[in-house]
Amino acid sequence: MAQITIVQLLGIDESHLISVEQQQLTEKTATAFCAMQEAALADGIDIQLVSAFRSFARQQYIWENKFDRYTSDGLTPNEAINRILAYSTIPGTSRHHWGTDIDITDGNATNQKQLLVAEKFHNNGPFAPLHQWMQANAHRFGFYLVYTNNSNRTGFSYEPWHYSYLPEAKAFLNDYEPRTAFAFFKSVGIKGSAYIDYAFWERYYAQFILGVNKALLEE
Ligand SMILES: [Zn+2]
């Protein structure tokens, strides 16, 4: 891929993406994903792509939905924002904006209502075989778990379903400019954004955006 642009980092440009199973990924991520999927299938694991690229507009919809729900449940705006940040990102800051990150499950485990629940990936859970296979093999294809269960990691909760294609994602994170993203975020007029100032944003950047598997950070 040529140079990473600000609109690609913010999830408002899709021109560098291609379609895979009704989701969108960068071309290199798609190629690596398909190779990994094929290798997994040979071992009896049926990797399903639940989510890949997500636009700024989609993330805004998710954010505003939760903000409305939590504030109407009686939380203050600041409490609602902190609650949202357990699992959802501030629009413009999601790794799903890049086309390098994927949420996956195993097609062998059908009839699952709630797919993305950490316990399902462990012990006798339906996605435990997938998790074990990924632990042993994902790195061979360039994929790394982002939100690990390392107790020293800050930010988002443990997500055993979320992987990132390191060769490209590392560059996206490296090119991410907190001040530019903040300026754009403030210009959109998203619900709750009045409660987020630059001091908050800088803390969020350090704890959440950089609160990932160390393998995905530049040395
Ligand atoms: Zn994800």
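FYI, it's all coordinate maths here, none of it is from the lab. All values derive from a computational prediction rather than experimental measurement. Counting neighbours? That spans all protein chains shown, and the Cβs are built from the backbone with ideal geometry, glycine included.
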Legend entry - Among Ala181, Ala42, Ala128: highest mean-square fluctuation, GNM of the chain, C-alpha pairs under 10 Å: Ala42
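Show me the three semi-axes of the equivalent ellipsoid for the range 47-152, from the C-alpha gyration tensor (sqrt of 5 times each eigenvalue), largest first, rounded to whole Å.
Details: eigenvalues 157, 56, 38 Å².
Ellipsoid half-lengths, sorted descending, are 28, 17, 14 Å.
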Inset, instruction - Give, rounded to the nearest 20 debye, the magnitude of the charge dipole that the chain has about its Cα centre when Lys and Arg contribute +1 at Cβ and Asp and Glu contribute -1 at Cβ. - result: 420 debye
Legend entry - Tail weight of P(r) past 32 Å, computed on alpha-carbon pairs of the chain, percent: 17 percent
Legend entry - Ranked packing of 79-87, 195-203, 98-106, most packed first, by mean Cβ within 10 Å: 98-106, 79-87, 195-203
Legend entry - Pair Thr110, Asp13: separation of 7 Å Cα→Cβ label points (nm): 4.2 nm
Legend entry - Degrees between helix 178-188 axis and first principal axis of the chain (Cα, 0 to 90, nearest 10): 70 degrees
Inset, instruction - Quick one, can you get me the convex hull of the C-alpha atoms of the range 8-98 expressed as volume per residue in Å³? - result: 104 Å³
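Pull up the DSSP beta bridges for the chain and report the antiparallel fraction as a percent, rounded to 5.
About 100 percent, rounded to the nearest 5.
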Inset, instruction - Mind giving me the nanometre distance, one decimal, between the label points for Asn65 and Ser187, set 7 Å out from Cα along Cα→Cβ? - result: 2.7 nm
Inset, instruction - Holding the Cα-Cα limit at 28 Å, pick out from Lys120/Lys214; Lys28/Lys214; Lys28/Lys113; Lys66/Lys186 the pairs that are longer than that. - result: Lys28/Lys113
Inset, instruction - Towards the positive end of the charge dipole of the chain, with charges on Cβ (+1 Lys, Arg; -1 Asp, Glu), say which of Leu166, Leu217, Trp201 has the farthest Cα. - result: Trp201
Legend entry - Rounded tilt (10° steps) of 56-72 against the dominant C-alpha axis of the chain: 70 degrees
